[in-house]
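**Student:** Next up is a structure, given as structure tokens.
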């Protein structure tokens, strides 16, 4: 069996005495689209923050392509090919849309901290950024300050920034939070399009999005994964229905 | 769930940014090479021909001071405007660069074979050296921590100026003579005009380099880190290293400003290091506007004029400079550059003409009212501080007795009427402004 894209072993996180993540083992294969669902306060965002080293785990390990990530800074993890978006829109609001994406390309194109290159001169950067803008349908907003975009556009830009660096493991934290139905459909299509052939891990509340996108689903309840499997298997799992999904599915209808 | 209408992070609703991309007149145009080069050519021409207009030595001194302040303010804005780092002790990098240059000037044998024109480069290297050391620990985070460290280091070095006498020269500072340098193609820099061109050349080179810096990957990432350090980290960049590089570069250019100061004044003292100088450069930069590259240039020009020209007219110049700064912070956080750039959309819409009359109707009375207020301030100052028996003062080409009532009444009336009219016409101006910013439509 090939090395999984992302592997979690006995991952735990306490904040003081409160155990938020209580031992998670999870293996996500290459090019798999994996959704993490669960009720509010289950620790989904905390789990994301542990994987991306925004928080340090209390115990356990995270492996990206078989390589342990403990002790690495967020920027180092990003350089290894893992990129994430945030639940609360996290863009460079005073810079233009184009520059937002271009900044996301800089490291991937090997510019590092150079001060002997002019970014305007690089055709690769300009064309790369415009290709991303085209993919996320923001080409017409190219030169506007990102902070002035509509909410859905900002979310799309956030996804654009996340994928721009060419990372092969993409983590999206509630990409459709706070969106209308049509916006949600739009973003779902966008995610499908831009994560083609990549590993996608996403936290999502909207069951329509989850069942539409995910190859496999993990259900997180009180810091533990109570079930992992295909959407059909998870839907049928009595434990899941009892803990969470039943109520959520009923609420949907 | 977040409400989409309020969750637009960082969007400032008071800003008139039109988001209609279909209208070509509203789309910000691509910068053509011509548009990028033109301002620099104009700047070079202005710097070349200014001495032909202002020929006397005191004017040259003012222009030199302006140039030095421009470099320093631009360097400072690499931190404040572009990197989002508020420094309260940036004078030390200019100061240390300047002191180092003074010491080079005083190494008579070495200096005799040293062309003066490259001296500021050494100032820059020393400023950069200090920034390398301080930046290694101060750039770990931005915000309050950075501001406090900068303040602490600034105070520390300013205080050590009386302790490390060998380098800082104690209370009398370090002085030297630039003319001992090796003549540069026969130029010995005895005359002010020669120093002017040396300074002007450095201003162009430094400003150009700082501008280009802002267009490099690390310069772009400085903006990204300013806006959102966490996001930048998830793009593969360490926010700390990005800040560090900006800091070191800023220290370098501040050091160049210090070196030019050394050449111009041939003396450096504790004053070049202390918090007052650091505060002044913050004021200059903010006054000009941190949001645009050219903002600090405007700030440096305006502030130097206030400092030099106004200080000849009144002892209270610092009061007026302070008021100007306060008004900028409160009413125009974008600074003078922001004020100018606010009008770009109006010009693009071709409606600038609609604003001329409302502006005149409000700003002329406002200016008269402010002059009246200034007269009251000056008269109070004279009344309180002039020698006993000296009751006469001259203000706006009129001589009068500050101990009689009439001048007070006149000044008071001018103030009230001027500001009153300005206030009364302000709503019209606001309406005209909104109208002028509206795309299409309108009368």
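The values are calculated or read from the model by the stated rules, or taken from the named source; none is laboratory data. As the structure is a prediction and not an experimental result, all values here were calculated from the model. All Cβ positions, even for glycine, are placed from backbone atoms using ideal geometry, and neighbour counts span all protein chains on display.
**Student:** Return only the number of the condition from (1) in contact (Cβ under 8 Å) with a residue 24 or more places away in the chain; (2) within 9 Å of chain B (Cβ to nearest Cβ); (3) in contact with a strand residue (DSSP E or B) (Cβ under 9 Å, 6 or more places away or on another chain) that residue A:54 does not satisfy.
**Tutor:** (1)
Here is a yes/no grid of residues against (1) in the same structural domain as residue B:202 (by TED's automatic domain parsing); (2) under 30 Å from residue B:242 (Cβ atoms); (3) in a helix (DSSP H, G or I):
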{"residue": "B:49", "(1), (2), (3)": "yes, no, yes"}
{"residue": "B:58", "(1), (2), (3)": "yes, no, yes"}
{"residue": "B:61", "(1), (2), (3)": "yes, no, yes"}
{"residue": "B:64", "(1), (2), (3)": "yes, no, yes"}
{"residue": "B:72", "(1), (2), (3)": "yes, yes, yes"}
{"residue": "B:79", "(1), (2), (3)": "yes, yes, yes"}
{"residue": "B:89", "(1), (2), (3)": "yes, yes, no"}
{"residue": "B:93", "(1), (2), (3)": "yes, yes, yes"}
{"residue": "B:99", "(1), (2), (3)": "yes, yes, yes"}
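**Student:** Filter the range A:170-208 down to the residues that are part of a strand (DSSP E or B) and under 29 Å from residue A:94 (Cβ atoms) and list them by number.
**Tutor:** So in the range A:170-208, the residues part of a strand (DSSP E or B) come out as A:170-173, A:199-203.
Result: A:170, A:171, A:172, A:173, A:202, A:203.
**Student:** Considering A:153, A:158, which residue is facing chain B (nearest Cβ under 10 Å), under 13 Å from the mean Cα position of the chain (by Cα) and surrounded by 18 or more Cβ atoms within 10 Å (Cβ to Cβ)? Working first, answer last.
**Tutor:** On the way: A:153 fails: under 13 Å from the mean Cα position of the chain (by Cα).
Result of the check over A:153, A:158: A:158.
**Student:** Here is a follow-up. In the range B:232-241, what count of residues is obtained for those that are in a helix (DSSP H, G or I) and either surrounded by fewer than 24 Cβ atoms within 10 Å (Cβ to Cβ) or facing another protein chain (nearest Cβ under 7 Å) (or both)? Talk me through it step by step, then tell me what you get.
**Tutor:** First, the residues of the range B:232-241 that are in a helix (DSSP H, G or I): B:232-233, B:239-241.
Now drop any that are not either surrounded by fewer than 24 Cβ atoms within 10 Å (Cβ to Cβ) or facing another protein chain (nearest Cβ under 7 Å) (or both), which leaves B:233, B:240-241.
Number of matching residues: 3.
**Student:** Tally up the residues in the range A:120-154 that are in a loop (DSSP other than H, G, I, E, B) and over 30 Å from residue B:252 (Cα atoms), please.
**Tutor:** Pass one, the range A:120-154, residues in a loop (DSSP other than H, G, I, E, B): A:122, A:136-138, A:142-144, A:149-150.
Next, only the ones that are over 30 Å from residue B:252 (Cα atoms) stay: A:136-138, A:142-144, A:149-150.
Residues that pass the stated criteria total 8.
**Student:** Give the range B:154-175 a look and list any residue that's part of a helix (DSSP H, G or I), in contact (Cβ under 8 Å) with a residue 12 or more places away in the chain and surrounded by 13 or more Cβ atoms within 10 Å (Cβ to Cβ), or say none. I'd like the intermediate steps shown before the answer.
**Tutor:** Applying the first criterion (part of a helix (DSSP H, G or I)) to the range B:154-175 yields B:154-160, B:165-168, B:170-172.
From the residues that got through so far, the ones that are in contact (Cβ under 8 Å) with a residue 12 or more places away in the chain too are B:154-155, B:157-158, B:167-168, B:171-172.
Within the range B:154-175, B:154, B:155, B:157, B:158, B:167, B:168 meet the criteria.
**Student:** With respect to residue B:257, determine if the residue is more than 7 Å from every other protein chain (Cβ to nearest Cβ) and part of a helix (DSSP H, G or I).
**Tutor:** Numbers: more than 7 Å from every other protein chain (Cβ to nearest Cβ): yes; part of a helix (DSSP H, G or I): yes.
In short, yes.
**Student:** With the structure loaded, tell me whether residue A:163 is more than 9 Å from chain B (Cβ to nearest Cβ), touching a helix residue (DSSP H, G or I) at 6+ places or on another chain (Cβ under 9 Å) and within 17 Å of residue A:200 (Cα to Cα) or whether it fails that test.
**Tutor:** On the way: more than 9 Å from chain B (Cβ to nearest Cβ): yes; touching a helix residue (DSSP H, G or I) at 6+ places or on another chain (Cβ under 9 Å): yes; within 17 Å of residue A:200 (Cα to Cα): yes.
Spelling it out, residue A:163 is indeed more than 9 Å from chain B (Cβ to nearest Cβ), touching a helix residue (DSSP H, G or I) at 6+ places or on another chain (Cβ under 9 Å) and within 17 Å of residue A:200 (Cα to Cα).
**Student:** Within the range A:78-90, how many residues turn out to be more than 7 Å from every other protein chain (Cβ to nearest Cβ) and in contact with a helix residue (DSSP H, G or I) (Cβ under 8 Å, 6 or more places away or on another chain)?
**Tutor:** 4
**Student:** Going residue by residue through the range B:372-387, is there one that turns out to be over 30 Å from residue B:81 (Cβ atoms) and in a loop (DSSP other than H, G, I, E, B)? Before the answer, list the steps.
**Tutor:** Looking only at the range B:372-387, we keep the residues that are over 30 Å from residue B:81 (Cβ atoms), and these are B:372-387.
Going one step further and asking which of them are in a loop (DSSP other than H, G, I, E, B), we end up with B:386-387.
Yes.
**Student:** Would a scan of the range A:112-119 turn up a residue that is within 8 Å of chain B (Cβ to nearest Cβ), touching a helix residue (DSSP H, G or I) at 6+ places or on another chain (Cβ under 7 Å), part of a helix (DSSP H, G or I) and in contact (Cβ under 8 Å) with a residue 12 or more places away in the chain?
**Tutor:** Scanning the range A:112-119, I find at least one residue that is within 8 Å of chain B (Cβ to nearest Cβ), touching a helix residue (DSSP H, G or I) at 6+ places or on another chain (Cβ under 7 Å), part of a helix (DSSP H, G or I) and in contact (Cβ under 8 Å) with a residue 12 or more places away in the chain, so the answer is yes.
**Student:** Tally the residues that are out of contact with any strand residue (DSSP E or B) (no Cβ under 7 Å at 6 or more places or on another chain), surrounded by 24 or more Cβ atoms within 10 Å (Cβ to Cβ) and either outside any helix (DSSP H, G or I) or not assigned by TED's automatic domain parsing to the domain that holds residue B:164 (or both), restricting the search to the range B:260-276.
**Tutor:** Residues in the range B:260-276 being out of contact with any strand residue (DSSP E or B) (no Cβ under 7 Å at 6 or more places or on another chain), surrounded by 24 or more Cβ atoms within 10 Å (Cβ to Cβ) and either outside any helix (DSSP H, G or I) or not assigned by TED's automatic domain parsing to the domain that holds residue B:164 (or both): 1 in total.
**Student:** Sticking with this one: Which residues, counting only those in the range A:121-148, are surrounded by fewer than 16 Cβ atoms within 10 Å (Cβ to Cβ) and within 7 Å of chain B (Cβ to nearest Cβ)?
**Tutor:** Once the filter is applied, which keeps residues that are surrounded by fewer than 16 Cβ atoms within 10 Å (Cβ to Cβ) and within 7 Å of chain B (Cβ to nearest Cβ), the range A:121-148 yields A:140, A:143.
**Student:** Would you please name the residue that is nearest to residue A:64 (Cα to Cα), looking only at residues in the range A:1-21 that are exposed (fewer than 15 other Cβ atoms within 10 Å of the Cβ) and touching a strand residue (DSSP E or B) at 6+ places or on another chain (Cβ under 9 Å)? Quick ask: steps written out before the conclusion?
**Tutor:** The initial filter retains those residues of the range A:1-21 that are exposed (fewer than 15 other Cβ atoms within 10 Å of the Cβ), namely A:1-3, A:10, A:14-18.
Filter again for touching a strand residue (DSSP E or B) at 6+ places or on another chain (Cβ under 9 Å), leaving A:3, A:10, A:14.
Details: A:3: 9, A:10: 15, A:14: 22 Å.
Per the criteria, the residue is A:3.
**Student:** Answer with yes or no whether residue B:279 is touching a residue at least 60 places away in the same chain (Cβ under 8 Å) and either at the interface with another protein chain (Cβ under 10 Å from one of its Cβ atoms) or crowded, with 23+ Cβ neighbours inside 10 Å (or both).
**Tutor:** Working: touching a residue at least 60 places away in the same chain (Cβ under 8 Å): yes; either at the interface with another protein chain (Cβ under 10 Å from one of its Cβ atoms) or crowded, with 23+ Cβ neighbours inside 10 Å (or both): no.
Here the answer is no, as residue B:279 does not meet what is asked.
Here's the yes/no breakdown for (1) closer than 19 Å to residue B:313 by Cα; (2) buried (at least 17 other Cβ atoms within 10 Å of the Cβ):
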site	(1), (2)
B:359	no, no
B:374	yes, yes
B:406	no, no
B:419	no, yes
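**Student:** If residue A:186 satisfies all but one of (1) within 29 Å of residue A:232 (Cβ to Cβ); (2) in contact with a strand residue (DSSP E or B) (Cβ under 9 Å, 6 or more places away or on another chain); (3) surrounded by fewer than 20 Cβ atoms within 10 Å (Cβ to Cβ), what's the number of the condition it fails?
**Tutor:** (2)
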